[in-house]
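One structure is given here, and the rest of the page talks about it.
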Amino acid sequence: MPYCPVNIIEGSYSQHPYFQDPYQLHVFLTIDQESQLKNIRERNGVEKLEDFKKLWIPKEEAYFKKFPVEKNSLVISWKYS
């Protein structure tokens, strides 16, 4: 990446150890389950919501259990409205 005063790298797996922690600040956004599901439903539709509930959310939760992403970050909780 070319130099930039601020680069925002986002995504569930952006703090994976593979990347060897090149960041100066870690931010972890969290959301309550009801808001998370509402957000996914509005963004992706009801059919995709079921995919998220069965596959993607459990995989993401397993990742967060395995790696201390939240523990090493500034944690921000938000509610989708």
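The values are calculated or read from the model by the stated rules, or taken from the named source; none is laboratory data. As the structure is a prediction and not an experimental result, all values here were calculated from the model. Every residue, glycine among them, receives a Cβ derived from its backbone with ideal geometry; neighbour counts consider all protein chains shown. Accessible surface areas use protein heavy atoms only, side chains included; no ligands, DNA or RNA. Shrake-Rupley method; radii C 1.70, N 1.55, O 1.52, S 1.80 Å.
Which residue is surrounded by the fewest Cβ atoms within 10 Å (Cβ to Cβ), if the candidates are limited to the range 1-51 and must be acidic (Asp, Glu) and outside any loop (DSSP other than H, G, I, E, B)?
Our first condition is that a residue be acidic (Asp, Glu); within the range 1-51, this holds for 10, 21, 32, 34, 42, 47, 50-51.
When the remaining residues are screened for being outside any loop (DSSP other than H, G, I, E, B), the result is 34, 42, 47, 50-51.
Details: 34: 10, 42: 10, 47: 8, 50: 12, 51: 12.
So, considering only residues that are acidic (Asp, Glu) and outside any loop (DSSP other than H, G, I, E, B), the one surrounded by the fewest Cβ atoms within 10 Å (Cβ to Cβ) is 47.
For the range 52-81, name all the residues that are in contact with a helix residue (DSSP H, G or I) (Cβ under 6 Å, 6 or more places away or on another chain) and in a helix (DSSP H, G or I).
52
Pairs only if they're at least six apart or on different chains, beta carbon under 6 angstrom, first in the range 58-81 and modelled with pLDDT under 95, second charged (D, E, K, R) and open to solvent by less than 90 Å² (accessible area, probe 1.4 Å); list them, first residue then second.
Taking only residues 6 or more apart or on different chains, the pairs are 80/38.
Does any residue in the range 21-34 that is on the phi > 0 side of the Ramachandran plot come within less than 9 Å, Cβ to Cβ, of a residue that is part of a loop (DSSP other than H, G, I, E, B) and open to solvent by 60 Å² or more (accessible area, probe 1.4 Å) six or more places away or on a different chain, and which pairs are these?
21/72
Tell me, which residue of the range 1-22 that is under 15 Å from the mean Cα position of the chain (by Cα) and either among the aliphatic types (A, V, I, L, M) or modelled with pLDDT under 85 (or both) is nearest to residue 62 (Cα to Cα)?
In this case the residue turns out to be 9.
Pick out the one residue from 60, 70 that is open to solvent by less than 100 Å² (accessible area, probe 1.4 Å), touching a Ser or Thr at 6+ places or on another chain (Cβ under 6 Å) and not hydroxyl-bearing (Ser, Thr, Tyr).
Every option except 60 fails the conditions.
Restricting attention to the range 35-81, and to residues there that are over 30 Å from residue 20 (Cα atoms) and hydroxyl-bearing (Ser, Thr, Tyr), which single residue is farthest from the chain's Cα centre (by Cα)?
Restricting to residues being over 30 Å from residue 20 (Cα atoms) and hydroxyl-bearing (Ser, Thr, Tyr), the top hit is 81.
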